[in-house]
Amino acid sequence: MHNEGLGRFASEKYKLKAFNNPFIHLTNYAINKDNSNFKTDQSGEKGHKRSLMAVYRQLGEEGVDIVKLKEEIKDIIIKTLISIQPDLIHHYRTS
């Protein structure tokens with residue numbers, strides 16, 4: 001699993017009944033950069049778009065077990081690959 005990456009966050013807090021507000025539900029930079037609440041940070045440590053290491057650091061400061069979190073992410077990746085394995089075999093054999 002790669003150690004570098006990005007964490008992208010919506011620029012509005014989630015509200016259950018705000019279905020038409022893309023700033024709540026989407027994390028795309030192209031959408032959120034137009035919101036007045038969008039915060040940029042060139043260092044990648046804060047704001048709505050930051051480095052994966054900064055996200056892990058913040059979660060760790062909040063008491064999240066980062067080692068366990070990474071293992072759970074790896075588990076999800078493995079299960080995703082297992083779920084598409086029959087399709088991959090089919091495409092491999094027909095190529």
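The values are calculated or read from the model by the stated rules, or taken from the named source; none is laboratory data. All values derive from a computational prediction rather than experimental measurement. All Cβ positions, even for glycine, are placed from backbone atoms using ideal geometry, and neighbour counts span all protein chains on display.
Figure legend. Inter-residue proximity from the stretch 13-30: first residues closer than 15 Å to residue 49 by Cα, second residues charged (D, E, K, R), beta-carbon distance below 8 Å, spacing 6+ or different chains. Indicated pairs: 23/12; 24/12; 24/13; 24/15; 27/8; 28/8; 29/8; 29/49.
Quick check on my filter: what residues within the stretch 38-76 are aliphatic (A, V, I, L, M) and closer than 21 Å to residue 9 by Cβ? Spell out the reasoning first.
So the first thing to find is which residues in the stretch 38-76 are aliphatic (A, V, I, L, M), and the list is 52-55, 59, 64, 66-67, 69, 73, 76.
Listed by number, the residues that qualify are 52, 53, 54, 55, 59, 64, 66, 69, 73, 76.
Taken over the stretch 1-31, residues that are of a type outside the set (Lys, Arg) and in contact with a strand residue (DSSP E or B) (Cβ under 8 Å, 6 or more places away or on another chain) amount to 8. Based on this model, can you work out whether residue 51 counts as polar (S, T, N, Q) and loosely packed, with under 10 Cβ neighbours inside 10 Å? Judged against the criteria, residue 51 is not a match.
For the stretch 10-17, check the following and say yes or no: at least one residue is part of a loop (DSSP other than H, G, I, E, B), surrounded by 10 or more Cβ atoms within 10 Å (Cβ to Cβ) and among the charged types (D, E, K, R). Step through it out loud before you land on a result.
In the first step, residues of the stretch 10-17 are kept if they are part of a loop (DSSP other than H, G, I, E, B); the result is 10-17.
The next check asks that each one be surrounded by 10 or more Cβ atoms within 10 Å (Cβ to Cβ); those that pass are 10-12, 15.
Checking the rest, the ones that are also among the charged types (D, E, K, R) come to 12, 15.
Scanning the stretch 10-17, I find at least one residue that is part of a loop (DSSP other than H, G, I, E, B), surrounded by 10 or more Cβ atoms within 10 Å (Cβ to Cβ) and among the charged types (D, E, K, R), so the answer is yes.
One line per residue, one yes/no per condition, for (1) within 24 Å of residue 1 (Cβ to Cβ); (2) under 18 Å from the mean Cα position of the chain (by Cα); (3) at pLDDT 90 or above:
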site	(1), (2), (3)
19	no, no, no
25	no, yes, no
39	no, yes, no
64	yes, yes, yes
77	yes, yes, yes
83	yes, no, yes
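If a residue has to be farther than 26 Å from residue 28 by Cβ and in a helix (DSSP H, G or I) to count, how many in the stretch 41-64 make the cut? Don't jump to the end; show me each part of the working.
Of all residues in the stretch 41-64, those farther than 26 Å from residue 28 by Cβ come to 60-61, 63.
Next cut, in a helix (DSSP H, G or I) only: 60-61.
Count: 2.
Close contacts from the stretch 73-88, counting a first residue that is among the basic types (Lys, Arg) and a second that is not in a helix (DSSP H, G or I), with Cβ to Cβ under 9 Å and a gap of 6+ residues or different chains, come to 74/1.
Restricting attention to the stretch 65-81, does a residue exist that is of a type outside the set (D, E, K, R), part of a loop (DSSP other than H, G, I, E, B) and surrounded by 10 or more Cβ atoms within 10 Å (Cβ to Cβ)?
no
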